[in-house]
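As structure tokens, the structure follows; a few thoughts come after it.
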Amino acid sequence: MKIETKVAHFSSPLYLESGRILEPYEIAYETYGVLNEQKSNVILVCHALSGSHHAAGQYPDERKPGWWDGLIGDGKAIDTTKYFVICTNVIGSCFGSTGPMSDNYPSEEPYRLKFPVVTIKDMIRAQMQLLSSLGIYHLRAIVGGSMGGMQALQFGVDYPNLADDVISLAATYATRPWTIAFNKVAMEAIRRDPRFEHGNYPRGAFEEEGLDGLAIGRIAGHISYLAPDSMETKFGRNYVNNDGLFELFGRYEVERYMEYNTNNFSRIFDPLSYLYIVKAINTFNLARGYDSLHEAILRIKARVHLISFSSDYLFFPSEMAHIAKMMKRNGQEHSYLEVQSSYGHDAFLVELEKFEASIAKVLQ
Amino acid sequence: MKEETFEAKLAHANRVLEQLMDTEITLEESVKLYEAGLGSIKEAQQLIDEAKVKITTIEQGEQRLQEPSDG
């Protein structure tokens, strides 16, 4: 599989939903496979909250391959012998696209809290700019899970003629208070951490020792990405070897998992980016800018494929089923699959075998 | 005293093998030695199996920690 990683520079302004402008800006992206002459074999893949444009393949210095490596590759469901796959890092993120720690041009100081609030609509508008700079005006499909699934749906609504198929997994039509409440833990934990310094921490401040606030906030995230049954299977009531049961800070396996993942995470991910992206998730509402959700969904011309997971406690299957119901009533071409899973929200990243055939079928 | 480590068991088996090559050895002795050598090899194999189980358990544990997760 041919992989390329690039950064595109844009000197023209990006007009944001808030009325503010991002100028200039950069988009980091990765491509897999080969673009055909007609540019008719393009699939756009959208990442989730803490993901990046590195969706597949593995570089020599990496411990793990890209986040959807099981799905994207030669002969895989998103087959790179056939398709040219593009995945971009969303604006606001910290993996190469313009975000709050980027220079606030023309100064060399980071934006920090001066970075504008961006939305899912803004993220996809930026991706549209990238696509047109590459001379790509039509997509075979757009695929994404969680926040990536939000982007896929938003593409379908905002740019009805762009893609033949929209595949959205583990997402929703509008973020509900339940999810916003989980995100609140992260936002407050970051804000109230003294080392966050109201966003005025030095660049690279948390590379050695992560920010506790982000680590704590991420624990709330992990709880919402799993489910009672998946935790039971993964950890049971197992206690960490060499930790004492009557030692106050002795840990159950589930506690070790939370510590391990969130401490690492807080060294890698920028806390300001986390705040901005969480805000984008919170403000996601397909209906915004249109008269109603019905009006928004009615705009979609692509075939929409909705995949939910029965134990998803972040975006419930009923939310995806609601979109399917509306599309059915409107007579719009769509499919809806509720994958039976006890894994929780993360099933879209882990239990690929349960839905890869459905995706492969759409892309036949 | 019985030799406990994997390496010791293997060394014992090797020693037995050398003794078995001795052309002067009686049939009765050689059967005894053969039994003892095979016993050491079996015990060593068991140690390998146990080590394998341990490594798999540790790997699975680490894998559990590293499964992708995102919102």
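Where a number appears in this text, it was derived from the coordinates with a stated rule and is not lab data. As the structure is a computational prediction, the values presented were derived from the model and not from experiment. FYI the Cβ positions are ideal-geometry reconstructions off the backbone, even for glycines, and counts take in every protein chain you see.
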Too long for a 28 Å Cα-Cα cut-off, among A:6/A:121; A:234/B:42; A:121/A:328, are A:234/B:42
Interchain or sequence-distant (5+) residues whose placed amide H lies within less than 5 Å of the amide H of residue A:332 are none
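So what is the relative contact order for chain B, in percent, with contacts set as C-alpha pairs under 8 Å and at least six apart?
Across chain B, relative contact order equals 34 percent.
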Of the candidates B:11, B:68, B:46, the farthest towards the positive dipole end of chain B (Lys/Arg Cβ +1, Asp/Glu Cβ -1, centred on the Cα centre) is B:68
Counting every C-alpha pair in segment B:6-66, the percent lying more than 16 Å apart is 56 percent
Among A:64/A:354; A:82/A:184; A:2/A:361; A:361/B:54; A:39/A:184, the pairs whose Cα-Cα distance exceeds 31 Å are A:82/A:184; A:361/B:54; A:39/A:184
Computed for chain B: size of charge dipole around the Cα centre, +1 on C-beta of each Lys and Arg, -1 on C-beta of each Asp and Glu, debye to nearest 20, value 120 debye
One finds, for residue A:246 and residue A:109 with R0 = 41 angstrom and r their Cβ-Cβ distance, a FRET efficiency to the nearest 0.05 of 0.20
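Given Cβ point charges of +1 (Lys, Arg) and -1 (Asp, Glu) and nothing else, what value in debye, to the nearest 20, does the dipole of the protein assembly as shown about its Cα centre take?
On the way: 43 positive and 59 negative charges, 450 e Å.
Computed charge dipole of the protein assembly as shown: roughly 2160 debye.
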Working note, chain A: Cα radius of gyration (Å, one decimal) and Dmax (Å, whole number) are 20.2, 67
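Based on the Cβ-Cβ distance from residue A:195 to residue A:12, what FRET efficiency comes out when R0 is 35 Å, to the nearest 0.05?
0.40
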Counting only backbone N atoms under 11 Å from a point 7 Å out along Cα-to-Cβ of residue A:325, the residues of segment A:132-155 in range are none
Only helices counted: for the protein assembly as shown, with every DSSP H run of 4 or more residues adding -39500 (n - 2.57) and the sum spread over all residues, [θ] at 222 nm is -13000 deg cm²/dmol
Measuring from the longest principal axis of the C-alpha atoms of chain B, the long axis of helix B:27-66 (C-alpha) lies at a number of degrees, nearest 10, equal to 10 degrees
The simple spin-label model distance between residue A:255 and residue B:31, using points 7 Å out along Cα→Cβ, in nm, is 6.1 nm
Here the averaged projected area of segment A:202-346, based on the convex hull of its alpha-carbon atoms and given in nm², is 11.8 nm²
For residue B:10, placing the label point 7 angstrom along Cα-to-beta-carbon and taking segment B:53-67, residues whose amide nitrogen sits under 18 Å are B:53-55
Ignoring GluC sites (Glu not before Pro) buried by more than 11 other Cβ within 10 Å or outside DSSP loops, the longest site-free run in chain B is B:25-71
If one compares the long axis through the Cα atoms of helix B:6-21 with the longest principal axis of the Cα atoms of chain B, the angle in degrees, nearest 10, works out at 30 degrees
For chain A, averaging the sequence separation of alpha carbon pairs under 8 Å that lie six or more residues apart and dividing by its residue count, the contact order in percent is 18 percent
Expected vector for segment A:168-184, Karplus 3J(HN,Hα) from phi with 6.51, -1.76, 1.60 and θ = phi - 60°, integer Hz, x for Gly and Pro, equals 10, 10, 6, 10, 7, 9, 6, 5, 8, x, 3, 6, 4, 5, 4, 5, 4
The answer for trypsin sites (Lys or Arg not before Pro) in segment A:119-218 that fall in a DSSP coil and have at most 11 neighbouring Cβ atoms within 10 Å is A:192, A:203
Sparse-neighbourhood loop hits (chymotrypsin sites (Phe, Trp or Tyr not before Pro), segment A:152-261; DSSP loop; Cβ within 10 Å at most 16 others) -> A:246, A:249
